[in-house]
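Enquirer: Just dropping this structure here.
The values are calculated or read from the model by the stated rules, or taken from the named source; none is laboratory data. Keep in mind it's a predicted model, so treat the numbers as computed, not measured. Cβ placement follows ideal geometry from the backbone for every residue including glycine, while neighbour counts extend to all protein chains displayed.
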Amino acid sequence: MAGLESYLVAAVAFVLGASVGSFLNVVIYRVPRGGSVTNPSRSFCPRCESTIPWYCNIPIVSWLALRGKCLRCRAPIAIQYPIIETVTALAYTATAMLLRNDSLMLIACCWMFVSGLIVVATVACQRESLPKSFMIAWLATGAVCLVQLLACR
Ligand SMILES: [Zn+2]
């Protein structure tokens, strides 16, 4: 029974992580361009500007089913999308499994930190626009969090 429970926790964390990863893609694309993450509320193709229907917006699955192309104009969709969704899903799953005996609050905090990590790391790689001091302070914060987490074991 404990095995089944672990699989369920892993599956829920994976699906949640993939969905959050889909949102992180929106943040990564829009925020550095000065856009809003809520307006437009639906995802759209950057080339033909058509709204992406929900069934073409299922994390990881849709990119694979569409073979990385827009359903309408066949413009290529960057492989970054399923990669971010998969990385987030795996990070959420690993966090949930490692901390499954801890509080949901700690797991949620780690998920939020990991989400920020993925956004900052991706934007920093794409744009090289973040000051080094910011990156150093942020990485130091992450290191302190990790040490605190391990000290609580
Ligand atoms: Zn298109």
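Enquirer: So which residues in segment 20-42 are surrounded by fewer than 18 Cβ atoms within 10 Å (Cβ to Cβ), under 22 Å from Trp111 (Cβ atoms) and touching a helix residue (DSSP H, G or I) at 6+ places or on another chain (Cβ under 8 Å), if there are any at all?
Expert: Result: Val31, Val37.
Enquirer: Starting from residues that are of a type in the set (A, V, I, L, M) and over 24 Å from Ala91 (Cβ atoms), keep the ones in segment 43-69 and report whichever is surrounded by the fewest Cβ atoms within 10 Å (Cβ to Cβ). Break it down into steps so the answer makes sense when it comes.
Expert: So the first thing to find is which residues in segment 43-69 are of a type in the set (A, V, I, L, M), and the list is 52, 58, 60-61, 64-66.
Cutting the leftovers down to over 24 Å from Ala91 (Cβ atoms) gives us 52, 66.
Numbers: Ile52: 17, Leu66: 14.
This residue is Leu66.
Enquirer: Now for a separate question. For Leu24, work out the one condition from (1) closer than 21 Å to Leu117 by Cα; (2) more than 17 Å from the chain's Cα centre (by Cα) it doesn't fulfil.
Expert: Checking Leu24 against (1) closer than 21 Å to Leu117 by Cα; (2) more than 17 Å from the chain's Cα centre (by Cα), the one that fails is (2).
Enquirer: List every residue pair whose Cβ atoms sit under 9 Å apart, with the two residues 6 or more apart in sequence or on different chains, where the first one lies in segment 91-120 and is without any contact (Cβ under 8 Å) to a residue 40 or more places away in the chain and the second, anywhere, is surrounded by fewer than 17 Cβ atoms within 10 Å (Cβ to Cβ) and among the basic types (Lys, Arg).
Expert: Sorted first by the residue in segment 91-120, then by its partner, the pairs are Ile107/Arg100.
Enquirer: How many of the residues in segment 76-120 are within 27 Å of Pro46 (Cα to Cα), loosely packed, with under 15 Cβ neighbours inside 10 Å and among the small types (Gly, Ala, Ser)?
Expert: Number satisfying all stated conditions: 1.
Yes/no per residue for (1) in a loop (DSSP other than H, G, I, E, B); (2) at pLDDT 90 or above; (3) out of contact with any His (no Cβ under 7 Å at 6 or more places or on another chain); (4) more than 13 Å from the ligand (Cβ to nearest atom):
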site	(1), (2), (3), (4)
Val31	no, no, yes, yes
Asn39	yes, no, yes, yes
Cys48	yes, yes, yes, no
Ile58	yes, yes, yes, yes
Tyr92	no, yes, yes, yes
Ala96	no, yes, yes, yes
Asp102	yes, no, yes, yes
Trp111	no, yes, yes, yes
Ser115	no, yes, yes, yes
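Enquirer: Can you give me the number of residues within segment 135-153 that are part of a loop (DSSP other than H, G, I, E, B) and at pLDDT 70 or above? So that I can check it myself, show each step before the final result.
Expert: Taking segment 135-153 and keeping what is part of a loop (DSSP other than H, G, I, E, B), we get 152-153.
Retained after the next criterion (residues that are at pLDDT 70 or above): 152.
Residues flagged as part of a loop (DSSP other than H, G, I, E, B) and at pLDDT 70 or above within segment 135-153 amount to 1.
Enquirer: Related question: Kindly evaluate Glu128 against the criterion of being modelled with pLDDT under 90 and charged (D, E, K, R).
Expert: Details: modelled with pLDDT under 90: yes; charged (D, E, K, R): yes.
Yes; evaluated as a whole, the condition is true for this residue.
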